[in-house]
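Asks: Before I ask anything, let me first share the structure, which is written out below as structure tokens.
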Amino acid sequence: MRPLAILGGTFDPVHIAHLAVAWEASELLDAEVRLMPAAVPPHRPPPIADAATRVALLRAALQGQDRLGLDTRELARGGASYTVDTLTELRSEVGDRPLVLLVGADAFAGLPAWHRWQALFGLAHIAVLTRPGHGGEWPGELAREIGPRLVSDPRRLHAAPAGMVVALEVTPLEISATRIRDLLRAGRDPRWLLPPGILDAPALLDDYRER
Ligand code: ATP
């Protein structure tokens with residue numbers, strides 16, 4: 001069955017690397033991919049832009065294509081966005097359909113700090129997206145957990161609802177929301193690092209500019 005894959009994040013703001021890696025993951029996995037903005041991310045400082053602005057930026061970014069979708073359930077739920085809760089909810093909706101959690105290599109290295117992280121493997125597969133500057137050095141407890149779960153062919157994830165881990169070699173793009181925020185704060189215009197749809201609505205970026 002064609003998997004449903006989720007790329008969670010703060011998207012503060014969404015940038016072209018988010019879209020590029022989500023798109024490539026959708027091709028490599030042959031999966032439907034949804035971007036899922038977090039309300040209050042448990043592992044990091046609060047976002048600069050409020051939820052409504054981050055969603056408006058995502059909608060602008062995603063217009064005009066049908067491969068990538070948007071799922072705002074974590075914002076609707078409010079409070080801390082625990083991935084284990086989100087995947088439990090999704091699992092009850094999709095039955096046996098394979099679920100895939102997409103995470104950048106930087107986020108994946110921190111997985112043991114996530115709420116009930118070992119339960120995630122019972123709910124979804126995990127696909128780790130390569131990211132420049134973040135090599136495959138996992139902490140011991142994470143390496144032990146994923147060892148028996150690792151597969152090399154992404155299409156194998158179609159065969160089971162959850163439990164496998166695969167590395168996806170996506171095009172290395174050294175772009176981060178931190179970099180975009182730094183540029184905007186400095187009065188620069190990161191025009192070509194942002195999805196084209198956002199160029200039509202520059203006011204959505206006002207929160208990031210120095211006031
Ligand atoms: P920040 O700089 O604010 O930490 P970010 O650019 O990492 O933001 P997030 O919204 O935190 O963006 O990322 C959402 C997900 O996308 C995470 O799993 C992250 O690892 C992944 N991701 C973001 N940028 C890239 C990139 N350039 N290459 C691969 N994965 C990425």
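Asks: Mind checking region 80-177 for chymotrypsin sites (Phe, Trp or Tyr not before Pro) that DSSP puts in a loop (not H, G, I, E or B) and that have at most 10 other Cβ atoms within 10 Å? Write down the numbers at each step before the final one.
Replies: Numbers: sites: TYR82, PHE108, TRP114, TRP117, PHE121; in loops: TYR82, TRP114.
Sites meeting the loop and neighbour criteria: none at all.
Asks: What whole-number value in Å² describes the accessible area per residue of region 4-205 for a 1.4 Å probe?
Replies: 46 Å²
Asks: For region 153-211, what's the relative contact order in percent, using C-alpha pairs closer than 8 Å and at least 6 residues apart?
Replies: For region 153-211, the relative contact order is 29 percent.
Asks: Rounded to the nearest 0.05, what FRET efficiency is calculated for ARG144 and TYR82 with R0 set to 30 Å and r the Cβ-Cβ distance?
Replies: 0.85
Asks: Something else now. Find the relative contact order for region 4-205 and round it to a whole percent, using C-alpha pairs within less than 8 Å whose residues are 6+ positions apart.
Replies: 27 percent
Asks: OK, next. Please report, as a whole percent, how much of the solvent-accessible surface of region 95-172 comes from carbon and sulfur atoms (probe radius 1.4 Å).
Replies: So the carbon and sulfur contribution to the accessible surface is 50 percent.
Asks: Once you order the gyration tensor axes a ≥ b ≥ c over the Cα atoms, which shape class does the chain get: rounded for a/c under 1.5, otherwise prolate or oblate by comparing a/b with b/c?
Replies: The shape class here is prolate.
Asks: Just to confirm the filter: which GluC sites (Glu not before Pro) across region 121-200 are DSSP coil and have at most 15 other Cβ within 10 angstrom of their Cβ?
Replies: Hits after loop and neighbour filter: GLU137, GLU169, GLU174.
Asks: In nm, give the distance between the simple-model label positions of TRP192 and GLN118, each being 7 Å from the Cα along the Cα-to-Cβ direction.
Replies: 4.9 nm
Asks: Something else about it: In whole angstrom, how far apart do the alpha carbon centroids of region 54-124 and region 172-194 sit?
Replies: 24 Å
The values are calculated or read from the model by the stated rules, or taken from the named source; none is laboratory data. As the structure is a computational prediction, the values presented were derived from the model and not from experiment. Heads up, the Cβs are rebuilt from the backbone with ideal geometry, glycines too, and the neighbour counts pull from every protein chain shown. Only protein heavy atoms, including side chains, enter the accessible area calculation; ligands, DNA and RNA are left aside. Shrake-Rupley method; radii C 1.70, N 1.55, O 1.52, S 1.80 Å.
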